[in-house]
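As structure tokens, the structure follows; a few thoughts come after it.
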Amino acid sequence: MKSKITLLFIFLISIFGYSQDKTYDLLKERTETKILHDRVFDLSKAATIDSKPIDANTFNQFYHEIQRADFLQRLPKYEVLKNEANFGKATKQIPLAILITEYETLKRTSIDNGDVFLQNNQYNVKPNATGLFEKHTISLVSPLLSKSNSNTFLLKDDFILNSTIKKILSVELKLEDSKWVKINFNKPFQLNFKETDKQIVDYKIEFTDGSKVQNSFEFEIISIENIQGKNNEAQAPNIVLPITSTIAYQGYNETAPYFGQGEYELFMDTTNGVLDKPIFLVDGFDPGDSRNSTIIYQSLNYGTGQNLATDLRAQGFDIIILNFPVYTRTGTTTVVDGGVDYIQRNAMILVELINQINAQKVGNEQNVVIGPSMGGLISRYALRYMEMNNLTHQTRLYISFDSPHLGANVPIGFQHLFNYMAYGPLGSTAVQPVVDGLIKSPAAKQMLIDHFEGHLQSGSVFEFNTASNSLLPTGAPNFRNAFQTELNTMGFPVNTRNVSISNGAGNGTMNYAPNFEAMNHTFNVTSSQRAIINLRFTPAANQTNEVSRFRGQQYFLFFWITGYESAANSKSPTYTDGLDSAPGGRFDMAGFQAGAGTDPLLTEFFDNLLVDYFCFIPAWSSMAVSNSTNLYAPINSSSTTPFAASSIPTVNENHVTLNAQNTAFALTEILNPVLANNENLALNSFWIQNPIQNSLQINSNYTIENASIVVKDILGKTIVEMKNQTINGLLEIPISLSNGVYLVTLKNSQGSVTKKIIKG
């Protein structure tokens, strides 16, 4: 018994090598298919792969396993499929793929009876042993994208992926009217679905030997409806226009400069319908372009049925939304994910858009530019670039909305874990898009204060350094420091009023606490395989802790044996506690989970997190505090920031969240050029009790004479108008209002100021 346990222990250690060594090489000639699935980790649950409709996530994972398990390496690497999926997303053609394969798995009895045995760290077989393997035959059709708003499909010859000698005669799909339609290879075709949401599509494959296979795949059709106005009228014709920069930019790892491509949509005001008061809203960090202009518009929702863009359009402003889509570079098949491309290249698109709108607009009204999240960096860079290069931006107000002027944060423990799961032995295709967009993209490398690539061991793509001096926060090599240095050197726009909205608490309130346990969970992958994951937030100042640990284990004879593991440690600087729990705009894990797909591994991960959020944009960063490096220090009058005014909450809010306080701040800044220019101290200094009850209470430390006071609803209807008022101290005006949002304009010969009030 002891020798048998020892042998199996060695076996278990070796199977976790997953084709990284020569353990299985001597079995190659004994296999019929030359594909031994035991060489890889079974995330796809291959035994059940054809028992239900297959989706893109399952197909991709299974293909990745088969390709790596193939001794002969007959199939293209998974990256080829991933690139084709990205190309299809950019071209609005959903790529289909077919996998025809036969593979084998070792029978457990082959180990137990000694037919397969370990010799010199390699598995060998008794000369006359038979029946060692179980053979499996699989034929699958699947889209390479799990969802799309396109119904155009394409099956190329190159993506008929076949490791067998079988030849395909035809492939048919069953339409909603129950008719079978034959697919013509290399020619786009449409599947017309009556409804959106998930669809099940039946398919048949017929082979030249007369055999047939019938199964189905799953695909989600998504549709974005036109956003609606207050009276259920469409707010815009939904005409999205492409735009290409005329100034090229060469990224840090690129060999040539390239022109960026974007798209924009103009939502005209609801007063005169003339493009005369432009407000630019610039999209932020968006891997895979999950937000189009409609969703970006809706991101300005607040309160109950209210929207900042709609409010501003009712005041005569025109909203121009700039989005950065996934696109193919002109004249090439190179796919660019615009939502995470270089910040500078996207800024050049905004420069071009500002120039074009300035040439079209009527009158001399100065622009307003609002930049949420990374959009604030793009806006800042574009405006300052124009000033430094004698380009007139005609902009009076720049609003930074929870933007990472000094960097952003994704917990380094999360980075280590996700990267290990995606590009380590597991090879999870579901986690790879998370890593590619959220962590490995150019924009992420530019913004993340601590980046996993700065901690990797030499020659490894997933193992971290362990030396103490390599544990402090470190940006992505050749990206982070270069970008922050350039941004600091340029500074902020000088011909605009610069203000900031922060979602991070200004009073030092933390997001959880340093060293907080974020996960301690066991994932039972199969009945005999499991993974144990431990995660913690970064530690307190000058402390070191283990922020991530992954263990893969195999069960035998009442024991769980660790076959492989990986861990990461982190150390915080002497001058501040760790990034993860700092005051700041929160990364909402629930919202992220909703967009991460339905992969079982990811679903179980999110369901078992012990935290709902982490610090994404430190308040210190969104306020660009320059006289302190302590991320936890309160932001107050002694803090040095470049902003003329700001809205900072006392509790940490989800990143780019609008509420009554910061919406009122934004409206005040936008509606009052006098306030922005600080020309009338009396008008600038009055305040209104807000929200109001049964009276309008206006208070001023200065005397305001011959003032008119007008109260309008958000659609511009006048509710109350009073003239020739003198305000010195408190002025209380009885007023009866229904619950809702109203605008109060106070005006005299010195100018006018409009403020937003709420009756609730």
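The values are calculated or read from the model by the stated rules, or taken from the named source; none is laboratory data. These figures come from a predicted structure and were not determined experimentally. All Cβ positions, glycine included, derive from the backbone under ideal geometry; neighbour counts span all protein chains shown.
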message: Can you tell me which residue is farthest from P257 (Cα to Cα) among those in the stretch 332-346 that are touching a strand residue (DSSP E or B) at 6+ places or on another chain (Cβ under 7 Å) and of a type in the set (A, V, I, L, M)?
response: V335
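In this structure, does L610 turn out to be touching a residue at least 60 places away in the same chain (Cβ under 8 Å), farther than 18 Å from I501 by Cα and exposed (fewer than 14 other Cβ atoms within 10 Å of the Cβ)? It would help to see each step written out before you state the result.
Working: touching a residue at least 60 places away in the same chain (Cβ under 8 Å): yes; farther than 18 Å from I501 by Cα: yes; exposed (fewer than 14 other Cβ atoms within 10 Å of the Cβ): yes.
When the stated conditions are applied, L610 passes them.
Output the residues belonging to the stretch 708-729 that are aliphatic (A, V, I, L, M) and more than 47 Å from the chain's Cα centre (by Cα).
Within the stretch 708-729, M722, I727 meet the criteria.
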task: Test L145 against the stated conditions and say whether it is touching a residue at least 12 places away in the same chain (Cβ under 8 Å), part of a loop (DSSP other than H, G, I, E, B), touching a Pro at 6+ places or on another chain (Cβ under 9 Å) and closer than 23 Å to K52 by Cβ.
output: yes
- prompt: Right, F280: in a loop (DSSP other than H, G, I, E, B) and either under 26 Å from the mean Cα position of the chain (by Cα) or surrounded by fewer than 17 Cβ atoms within 10 Å (Cβ to Cβ) (or both) or not?
  reply: no
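Considering only the stretch 477-594, give the strands (runs of 3 or more DSSP E) lying wholly within it that have at least 2 residues that are within 15 Å of V410 (Cα to Cα), at pLDDT 95 or above and in contact with a Ser or Thr (Cβ under 9 Å, 6 or more places away or on another chain).
Working: elements: 497-501, 517-524, 529-536, 544-556, 559-571, 584-588.
Result: 529-536, 544-556, 559-571, 584-588.
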task: Look at the stretch 478-490 and say how many of its residues are exposed (fewer than 13 other Cβ atoms within 10 Å of the Cβ), of a type outside the set (V, I, T) and closer than 24 Å to R396 by Cα.
output: 1
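Let's see how each residue does on (1) closer than 25 Å to L43 by Cα; (2) among the aromatic types (F, W, Y); (3) touching a Lys or Arg at 6+ places or on another chain (Cβ under 9 Å):
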| position | (1), (2), (3) |
| --- | --- |
| F464 | yes, yes, no |
| S468 | no, no, yes |
| R480 | no, no, yes |
| L487 | no, no, yes |
| N495 | no, no, yes |
| A541 | no, no, no |
| E546 | no, no, yes |
Of all residues in the stretch 628-658 being in a strand (DSSP E or B) and of a type outside the set (S, T, Y), the one that is modelled with the lowest pLDDT: A645
- request: Quick one: in the stretch 468-484, of everything that is among the aliphatic types (A, V, I, L, M) and farther than 20 Å from D577 by Cα, which residue is nearest to the chain's Cα centre (by Cα)?
  value: A476
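Taking the conditions exactly as written (under 17 Å from S500 (Cβ atoms), in contact with an Asp or Glu (Cβ under 8 Å, 6 or more places away or on another chain), not basic (K, R) and not in a strand (DSSP E or B)), does V625 satisfy them or not?
When the stated conditions are applied, V625 does not pass them.
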query: Applying the selection to the stretch 355-389, what residues are closer than 16 Å to F317 by Cβ, among the hydrophobic types (A, V, I, L, M, F, W, C) and either in contact with a helix residue (DSSP H, G or I) (Cβ under 7 Å, 6 or more places away or on another chain) or surrounded by fewer than 24 Cβ atoms within 10 Å (Cβ to Cβ) (or both)?
result: I357, V362, V368, V369
- prompt: Within the set of pairs 6+ apart or on separate chains, which have a first residue in the stretch 121-136 that is in contact (Cβ under 8 Å) with a residue 60 or more places away in the chain and exposed (fewer than 14 other Cβ atoms within 10 Å of the Cβ), a second that is in a loop (DSSP other than H, G, I, E, B) and not polar (S, T, N, Q), and C-beta atoms under 8 Å apart?
  reply: N121/D21; N121/K22; K135/E32
- request: Read through the list (1) in a loop (DSSP other than H, G, I, E, B); (2) modelled with pLDDT of 95 or more, then give the number of the only condition that G273 fails.
  value: (2)
task: Report the residue count in the stretch 514-538 for those that are under 24 Å from the mean Cα position of the chain (by Cα), of a type in the set (S, T, N, Q) and either surrounded by fewer than 19 Cβ atoms within 10 Å (Cβ to Cβ) or closer than 14 Å to F606 by Cα (or both).
output: 1
query: Among the residues of the stretch 718-733, is any part of a strand (DSSP E or B), closer than 29 Å to V368 by Cα and at pLDDT below 85?
result: no
message: Against the condition free of Cβ contacts under 8 Å to residues at least 40 places away in the same chain and aliphatic (A, V, I, L, M), how does A408 come out, does it pass?
response: no
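Can you tell me how many residues within the stretch 460-504 are touching an Asp or Glu at 6+ places or on another chain (Cβ under 8 Å) and within 26 Å of N659 (Cα to Cα)? Let's see the steps before the verdict.
Start the filter on the stretch 460-504 by keeping residues that are touching an Asp or Glu at 6+ places or on another chain (Cβ under 8 Å), which leaves 473-477, 493-495, 497, 499, 501-504.
If we keep only those that are within 26 Å of N659 (Cα to Cα) as well, we get 497, 499, 501-504.
Final tally of qualifying residues: 6.
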- request: Restrict the check to the stretch 335-358 and report whether at least one residue is hydroxyl-bearing (S, T, Y) and on the phi > 0 side of the Ramachandran plot.
  value: no
query: without any contact (Cβ under 8 Å) to a residue 60 or more places away in the chain, under 25 Å from the mean Cα position of the chain (by Cα) and assigned to a loop (DSSP other than H, G, I, E, B): does that describe S51?
result: no
statement: Reported set for the stretch 435-451 where residues are among the aliphatic types (A, V, I, L, M), in a helix (DSSP H, G or I) and surrounded by fewer than 24 Cβ atoms within 10 Å (Cβ to Cβ) is V435, L438
message: Suppose we keep only residues that are part of a helix (DSSP H, G or I) and either crowded, with 17+ Cβ neighbours inside 10 Å or on the phi > 0 side of the Ramachandran plot (or both) within the stretch 15-29. Which one would you say is modelled with the lowest pLDDT?
response: I15
field: Residue count, the stretch 39-62 (criterion: surrounded by 19 or more Cβ atoms within 10 Å (Cβ to Cβ) and among the charged types (D, E, K, R))
entry: 2
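Okay, residues lined up against (1) closer than 22 Å to L75 by Cβ; (2) more than 41 Å from the chain's Cα centre (by Cα); (3) assigned to a strand (DSSP E or B); (4) not polar (S, T, N, Q):
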| position | (1), (2), (3), (4) |
| --- | --- |
| T101 | yes, no, yes, no |
| I138 | yes, no, yes, yes |
| L155 | yes, no, yes, yes |
| L161 | yes, no, yes, yes |
| E172 | no, no, yes, yes |
| F185 | yes, no, no, yes |
field: Set I247, I279, I243, I224: member being at pLDDT below 95 and of a type in the set (A, V, I, L, M, F, W, C)
entry: I224
Yes/no for G552 being within 18 Å of H416 (Cβ to Cβ), touching a Lys or Arg at 6+ places or on another chain (Cβ under 9 Å) and surrounded by 15 or more Cβ atoms within 10 Å (Cβ to Cβ): yes
message: Take T429 and tell me if it is hydroxyl-bearing (S, T, Y), under 19 Å from the mean Cα position of the chain (by Cα), modelled with pLDDT under 95 and part of a loop (DSSP other than H, G, I, E, B).
response: yes
